[in-house]
Each structure stands twice: as C-alpha cells, then as structure tokens.
Amino acid sequence: MRELMSLRRQTHAALCLACGKCSTMCPLSPSGWFSAARMVAIRDPETEISGQTQSLNACLTCGACEVRCPEGVHFVDFVRGVRALAPADGRRPCPHGAMLQSTARVMARPEPPTRDLAWIDDDLEIAEEGEVALFVGCLPFFDLLFENELGRQTVDIARAAIRLLNRVGIQPVVLAEERCCGHDLLWNGEPEAFQALAEGNAAAFEARGVKHLLTTCAECCSTWRLDYPEAVPGYQPKVEHLAEFLAGRIEAGELAASGDAAGAMTFQDPCRLGRHLGVTEAPRKVLETLSQGNGGLREMARTGGDAQCCGTSGFVHCDANSRRLQSERLESAAATGAETLVTACPKCLIHFNCTQCEDRRTQRQPVGVRVEDLTILAAEVLFPPVPSEKSPTQPTGDA
C-alpha cells in the first residue's frame, strides 16, 4: 500500500530498531499484549485488521513511547495515519455508543450549528465580536452523557473561564455557531470530517474578528495549535490554554490568590498539554499561586513529559486497562498527601471521577482524593489584587 509506505517514511516508523524502549514507557505494556514497536510493523492494515491492528483502538496516543525512542519515531502520528487508512468496518465501536463522535459528524455538515447558550449565567459578560474568544468545545455535550452519572457539570469549567476573563476586563467572544474542534474524529481516522469542522470553526471565529483564542481543554488546545494550521492555513489566531493565559496575568500582577487559598494539591499533566504541546510550567504557576501558604503543590512520581496518561484519549477506546491506569494515577495522587488532584483537561476530570463513582457502586473503597479542574479552582481563588491604601499627604509648612 503506497499510502502506508509514505506514512512510514514521514513518521520515521521505517527506522524503528525494535529495541523495546518504547514499551518500557508505554502505560499499556503491563497488559502483556500491546507494544508500540509492533504497531510500526504493520504492512497492510486491510488484511491485518484482525491481527496487530487491533492495537489501533487500544493505543492511547499519549506520546509516552516517543520520549525514549532513539530513532525519533513519531508513533502517535503513525497510529493516527494508520487509523485513517484502516477500513472503517474493522474498527471497534467507540465507548458511550459513539454519541460524541456522532455529534461531531453532525456538526461537520455545511450548515452551521446553533448552540444553546442558556448555560451562561446572567452575571457573566460575553461579546458577539472582538479579539479574544473562549472556545467552549464539547463541555455541554459531555454533560448530556455524564452529569447524572457523575453528579457534576463540566460546563461549569466554561462558566469559570468567563468569570476569570471578566475579572481582568475581558468580555470573550462565545459563538453559538461554534463546532466541535474535531479532535476525536481526527484521531479516530476521519480526516475529511475533521477538515470540515476546522474550516467551519475558522470561518466563524475569523468573521467575528477573533485573534486570540482561549480554551480550557487540552485536546482542543493541541488541535487548534498543532492541527488547524495545516488544515486551515489562512487563519491562525494565537491559541492558548487558559492556564497559560492565567499564568501570564499572575506574572503581570493582575491576578492574585484571595485569602481562601486552596489546600495541598497535585497536578495531572494531560497528554495533549504536557507531551504534545510541552506546556508544563504554566499550570504549575497557577496552582502554586492557588495553594500558596496552604499545603502547596505536591508532585507525583511521574510528571511533565513523563506523566502517566489518564487511561483514555478521544473517547476512542475504554476497557479494563483504562480503569487500571486511572486507579493507579489516583493512588499516586493520594500518596503525595495532597487533598486534590487537579487537571487541565475535562476528559481527565471525567475519567477520574468515573473511576471513583464505579468504586462506590461496586462497594470498593475509593481513593481519598478530590478531583477538580484547574479553571474551576482558579475562579474560586483568583481575583485582581486590592490596591494598597496610601496615607493622605500631610501639608507642610514653616514651624
């Protein structure tokens, strides 16, 4: 297959030495059947779909394998490329009835969607056009699936983001015609649908004059920053995760922690934010400010580019190995003595909460650590500093 040969060259998969270093990093290696190195041995996805390519769905695309590869093989790009080449009928169904993927496909149609913005509280200020926008992503759709089961609304993350932006004098653009960023479809082997989503989003935000786009989701951020420039090169706004934006405002003295600082915390580096984008210091700057003088930031054994994945990416695959990884990560967080495990990706938040809920349903003792999103915590604690009061100038005169 000519396309596969080209993909092997582009991703350096042809240089794989089968040295096994990738397997030592892969969080799925303990399962005994998965190997990143075996993935690059694929010669024909169509005929091998029932063999090695079963790994296509299981691979987390977390990028841990690339950290130690001596040949610089881009494993995650290879997996994504092979997924696009593999026959669709050979893929296993996505979790949750593939509802989120189906929703994204609907939004990929030519006619723009019209989102319900009723979740925006009356005290929150947004704009119809302007230079700064908040990309909400699929938070409202996550709640349709998970709110009743998990007992929380992920759209609270978007509310918190708007509240924080309002505090520094920004009324962000929030679009009713916003579409899914396309991350899940792109990584599930549907590049044509992703292209339609990228073009629709780019046209909508460019028409409103947006030059600076903020997101609270690590996957949305990596998609806009890494994949959109290739898909829609004509429109390239500045793209930041809100953690990066907040860190800059803290450095500038525009935001500071109130007296109600949070307790001891530890941070889960989302794969798309930490390894894919290399953003590891900004969220820690925010968390150090939030927990200042009240427990501080406590690091787990594996952090930053070496952090362990939360167990699922893109809602492509979820099984017992995913649950094992989530439980292990929660235990690592609790071992630090932190009260709260904080993440900067709503999917990490969902997966960890899901594991804790399942533990309670099956009457297993859940790991005693609270799981929370960075944006929500920041909205509870960060405010513009109060100007110090100066004593009035006393008049001077001759004695």
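The values are calculated or read from the model by the stated rules, or taken from the named source; none is laboratory data. Keep in mind that what you see is a predicted model, and the values were worked out from it rather than measured. Don't worry about glycine lacking a Cβ; one is built from the backbone with ideal geometry, like all the others, and counts go over all protein chains shown. Ligands, DNA and RNA are excluded from the accessible area calculation, which covers all protein heavy atoms including side chains. Shrake-Rupley method; radii C 1.70, N 1.55, O 1.52, S 1.80 Å.
The table below lists the values:
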{"read-out": "Angle in degrees between helix 155-167 and the longest Cα principal axis of the chain, rounded to the nearest 10", "value": "40"}
{"read-out": "For the chain, calculated [θ]222 nm from helices alone, where every DSSP H run of n ≥ 4 adds -39500 (n - 2.57)", "value": "-11500 deg cm²/dmol"}
{"read-out": "Candidate aspartates and glutamates - alpha carbon under 19 Å from LYS21, same-chain residues fewer than 8 apart omitted", "value": "GLU66, GLU71, ASP77, ASP306"}
{"read-out": "Solvent-accessible heavy-atom area per residue, rounded to whole Å², over the chain at 1.4 Å", "value": "44"}
{"read-out": "Probe 1.4 Å, all protein chains present, accessible-area order of GLU380, GLU66, largest first", "value": "GLU380, GLU66"}
{"read-out": "Value in Å of the Kirkwood radius, where the stretch 185-228 supplies the Cα pairs that are averaged", "value": "11.2"}
{"read-out": "Solvent-accessible surface (1.4 angstrom probe) belonging to TYR235, in square angstrom, nearest 10", "value": "20"}
{"read-out": "Counting all C-alpha pairs of the chain, share separated by more than 31 Å (%)", "value": "39"}
{"read-out": "Rounded tilt (10° steps) of 242-251 against the dominant C-alpha axis of the chain", "value": "40"}
{"read-out": "Extended-chain gain in nm, criterion 0.36 nm per residue less alpha-carbon gap, ARG167 and GLU3", "value": "54.0 nm"}
{"read-out": "Under 5 Å, built H, 5+ apart or other chain: amide partners of ARG152", "value": "none"}
{"read-out": "Whole-Hz ³J(HN,Hα) from phi, Karplus 6.51 cos²θ - 1.76 cosθ + 1.60, for the stretch 330-338, glycine and proline x", "value": "4, 5, 5, 5, 5, 5, 6, x, 6"}
{"read-out": "Separation of the GLU71 and ARG364 label points, Cα + 7 Å toward Cβ, nm", "value": "3.8"}
{"read-out": "Highest to lowest packing among 283-289, 102-108, 213-219, scored as the average C-beta count within 10 Å", "value": "213-219, 283-289, 102-108"}
{"read-out": "For ALA127, distant residues with modelled amide H under 5 Å away", "value": "VAL173, VAL174"}
{"read-out": "Extreme residue, positive dipole direction of the chain, given options PRO112, GLY305, VAL239 (C-beta unit charges)", "value": "GLY305"}
{"read-out": "Between helix 346-361 and the chain: long-axis angle, C-alpha atoms, 0 to 90°, nearest 10", "value": "80"}
{"read-out": "Residue-span extension gain [GLU192 to LEU15] - 0.36 nm each, minus C-alpha spacing", "value": "60.8 nm"}
{"read-out": "Accessible-area composition of the stretch 186-235, carbon plus sulfur, in percent [1.4 Å probe]", "value": "54"}
{"read-out": "Whole-number D in µm²/s for the stretch 224-279 (Stokes-Einstein; Kirkwood sum over Cα pairs; 10 °C, 1.306 mPa s)", "value": "114"}
{"read-out": "Accessible area of ARG249 in the full protein assembly, 1.4 Å probe (Å², nearest 10)", "value": "60"}
